[in-house]
Structure formats: structure tokens, C-alpha cells
Amino acid sequence: MITSPNKQFIENQRKKSNIFINGLSKEQLMSLCIEILKKNPEQRRQEDIQIIQAATKDIEFFQQVNIDQGELMLKECLKRMTIEMFEEVSMQII
């Protein structure tokens with residue numbers, strides 16, 4: 001089977017991306033994911049979605065979306081994700 005140069009390029013990029021993601025520690029992956037989630041969803045690249053997917057792969061909700069709705073819906077959900085940071089609040093009950 002002959003593949004076009006574009007398909008080969010895309011496949012090579014995907015392999016490189018997977019190697020990169022698999023080489024990250026959990027802390028590095030989460031830190032990268034947070035930076036991606038700060039971006040406007042329209043500015044996220046396919047590689048960004050793959051990183052978010054790797055960071056959320058063990059979360060039951062996303063597993064169920066993938067099963068029930070398929071990978072395209074999961075990726076659209078991941079693309080639209082946002083993050084909101086809150087300051088830590090300490091409470092003491094007396």
C-alpha cells in the first residue's frame with residue numbers, strides 16, 4: 001500500500017507526540033495540561049487535545065463519554081474544556 005507524503009507526515013507526528021506524552025511524569029503532564037486549558041479552545045491544536053486526553057484517560061466520566069458518544073465527541077468535549085483556578089481558603093471551626 002502506498003501512502004501519500006501527507007499521511008506519512010501526520011502519522012510520524014502522531015508517533016512523536018505519543019512518545020513525548022508517554023515520556024512525561026504525571027506532574028509534568030498535569031502542568032502542561034493546565035497551560036493548554038488556559039488557552040482559548042479555538043486556539044488548541046490536535047496535539048493539545050491529545051495531551052488533555054492523556055491527562056484525563058483514567059477519569060471515569062471521560063471513559064464513559066468515549067464509550068457512549070465515541071472518540072469524536074470525547075475530543076470535542078476535551079477541546080471545549082476550561083480551567084478555573086481558586087485560591088486556597090483555610091477555615092477553622094471553633
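In summary, the aspartates and glutamates within cross-link reach of LYS26, defined as a Cα separation below 18 angstrom excluding same-chain residues under 8 places away, comprise GLU35, GLU47, ASP48, ASP58, GLU60.
Of MET91, MET73, the sequence from fewest to most neighbouring Cβ atoms within 10 angstrom is MET91, MET73. Positive end of the dipole of the stretch 21-80, charges at C-beta (+1 Lys, Arg; -1 Asp, Glu), about the Cα centre: which of LEU72, CYS33, THR56 has its Cα farthest in that direction? Highest projection toward the positive end goes to CYS33.
FYI, it's all coordinate maths here, none of it is from the lab. Predicted model only: the values in this text are computed from it and were never measured. So basically every Cβ, Gly included, is an ideal-geometry build from the backbone, and we count neighbours across all protein chains shown.
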